[in-house]
1. Among the chymotrypsin sites (Phe, Trp or Tyr not before Pro) in the stretch 188-238, which ones are in a DSSP loop with at most 14 other Cβ atoms within 10 Å of the Cβ? Mind listing them?
2. Where the accessible area of the stretch 89-211 is counted over protein heavy atoms with a 1.4 Å probe, how much of it, in %, is carbon and sulfur?
3. From the phi of every residue in the stretch 187-195, what ³J(HN,Hα) in whole Hz does the Karplus formula 6.51 cos²θ - 1.76 cosθ + 1.60 yield, where θ is phi - 60° and glycine or proline is x?
4. Of LYS173/LYS218; LYS173/LYS316; LYS218/LYS276; LYS71/LYS333; LYS316/LYS345, which pairs sit farther than 21 Å apart, going by alpha carbon to alpha carbon?
5. Given the stretch 205-272 reduced to its alpha-carbon atoms as identical point scatterers, what log10 I(q)/I(0) does the Debye formula return at q = 0.14, 0.16, 0.21, 0.25 Å⁻¹?
6. Grab the alpha carbons of the stretch 6-58, take their convex hull, and tell me the volume per residue in Å³.
7. How long are the semi-axes of the ellipsoid equivalent to the stretch 170-221, from square roots of 5 times the Cα gyration tensor eigenvalues, in whole Å, largest first?
8. So what does log10 I(q)/I(0) come out to for the chain at q = 0.07, 0.11, 0.13 Å⁻¹, using the Debye formula with one equal point on every Cα and no solvent?
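The values are calculated or read from the model by the stated rules, or taken from the named source; none is laboratory data. For clarity, every value in this text was computed on a predicted model and none was experimentally measured. When we count neighbours, we look across all protein chains shown, and the Cβ atoms used for this are built from the backbone with ideal geometry, even at glycine. Accessible surface is based on the protein model in full, side chains and every heavy atom, while ligands, DNA and RNA are left aside. Shrake-Rupley method; radii C 1.70, N 1.55, O 1.52, S 1.80 Å.
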Amino acid sequence: MAVTILDWADARARLHAQWGEMLAARGGNPSLHPDWLHISLDSWGLAQQAQVAVVGCAPDSLAIVPFLVRKRSLAGIPLRCLELCSNVFSYHAEVLAAHDTDAALQAFLGSRSLPAWHAVFMSNIVADSPTARAARRVPESIARGLSVRSGERSPYIVADRPWNDYLSTRSKKVRANIMRSQRQMLAAGESGMRWYEAGSDWQQLLEEILTIEQASWKVSAGVEIARGTHQHQYYRRLLPWLSSIDGLLANVLYVHERPAAYVLCARWRGWVGQLKTSFDRSLRDAGSRVVDASLERAFNLGCGEYDFLGDAAPHKMRWTDHIRAHEDFWLFKPGLRGAVLGRVKMLADQQHARQSRRAEAPADNSEAADGRG
């Protein structure tokens with residue numbers, strides 16, 4: 001297959017409509033849309049470095065592969081790393097191919113039009129997806145030394161019934177917690193719940209998000225959305241775009257007329273994804289209250305899936321038994337440097353596996369006795 005390399009601005013101008021149509025036809029995640037990818041890349045100052053490979057010409061063989069070549073090191077060894085643009089900030093990544101992902105990925109990696117590279121890194125690929133299977137089948141003549149590491153395990157809800165019917169499938173404890181959160185927040189002074197959707201005042205939403213983030217546990221952990229950061233720039237650009245495509249679904253809880261908790265979601269063709277949530281650390285039940293309301297709203301809007309995104313956590317797993325696993329893939333260019341890098345990566349993976357097994361080992365009896373097991 002022919003491979004044409006375009007710079008980022010040219011690719012967006014020439015392929016925008018086709019790109020969006022392919023994404024919708026494949027059922028891909030909206031964070032892979034050219035507009036959302038541009039927001040991610042530009043917010044982190046990487047748009048000027050990005051390029052797009054167009055693989056093939058006929059509709060049944062076309063693939064669109066946005067990529068970056070970045071200078072990295074592996075165990076102190078410098079390398080030029082070929083990375084998918086989705087590595088920067090996206091969900092449920094994949095190579096966008098109209099038909100044959102295996103052939104598209106092999107044509108892309110084997111193209112002489114690509115800038116020089118030593119290793120390929122594809123992050124957060126959905127496990128057992130066409131892209132994950134294609135990565136495992138790349139012939140050694142193109143790339144070798146495959147390294148696969150488990151990534152996020154993201155819980156999601158299949159919303160295939162009315163909200164109350166779904167609630168009946170959850171434990172009595174879950175249902176009791178919903179009622180408890182409502183009572184506790186009313187006692188704390190709950191004064192309203194505002195919904196932000198298409199056409200809403202996204203600037204006010206962002207200000208309220210920032211206010212809540214600064215009052216949350218995230219400040220002490222250093223993971224809050226703070227003014228002037230790349231994250232702040234990202235959400236300042238993402239919110240109006242989501243609103244413009246009817247893709248915004250957010251709710252803010254108020255206590256004594258002040259914002260106390262929020263959930264920010266994206267909507268896309270029946271999918272609802274929970275991008276961000278936080279609450280005032282002084283209000284223990286505020287976080288549960290807004291999440292419960294967000295779930296109910298998504299069901300009532302007729303969504304087919306509520307995706308918690310991120311990794312599995314107990315507060316997510318009480319809602320669902322469904323998990324979407326992800327994997328990170330490394331491949332290395334044939335040749336001496338690639339062989340050395342592949343060997344180094346294999347040793348690093350083995351060390352990581354040993355550390356993971358030790359971390360997951362059962363606690364001994366003394367730990368179990370004092371409640372830490």
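1. Details: sites: TRP195, TYR196, TRP202, TRP217, TYR234, TYR235; in loops: TRP217.
Counting only loop positions with at most 14 other Cβ atoms within 10 Å, the chymotrypsin sites (Phe, Trp or Tyr not before Pro) in the stretch 188-238 are TRP217.
2. Working: 2760 of 5910 Å².
That fraction is 47 percent.
3. 5, 7, x, 3, 10, x, 9, 10, 10
4. Values: LYS173/LYS218 27 Å; LYS173/LYS316 14 Å; LYS218/LYS276 12 Å; LYS71/LYS333 15 Å; LYS316/LYS345 33 Å.
Among LYS173/LYS218; LYS173/LYS316; LYS218/LYS276; LYS71/LYS333; LYS316/LYS345, the Cα-Cα distance tops 21 Å for LYS173/LYS218; LYS316/LYS345.
5. -0.46, -0.60, -0.95, -1.15
6. Working: hull volume 4.0 nm³, N = 53.
Hull volume over Cα atoms, normalised by residue count, gives 75 Å³.
7. Details: eigenvalues 133, 59, 31 Å².
Each semi-axis is the square root of five times an eigenvalue, giving 26, 17, 13 Å.
8. So the normalised log intensities are -0.36, -0.88, -1.16.
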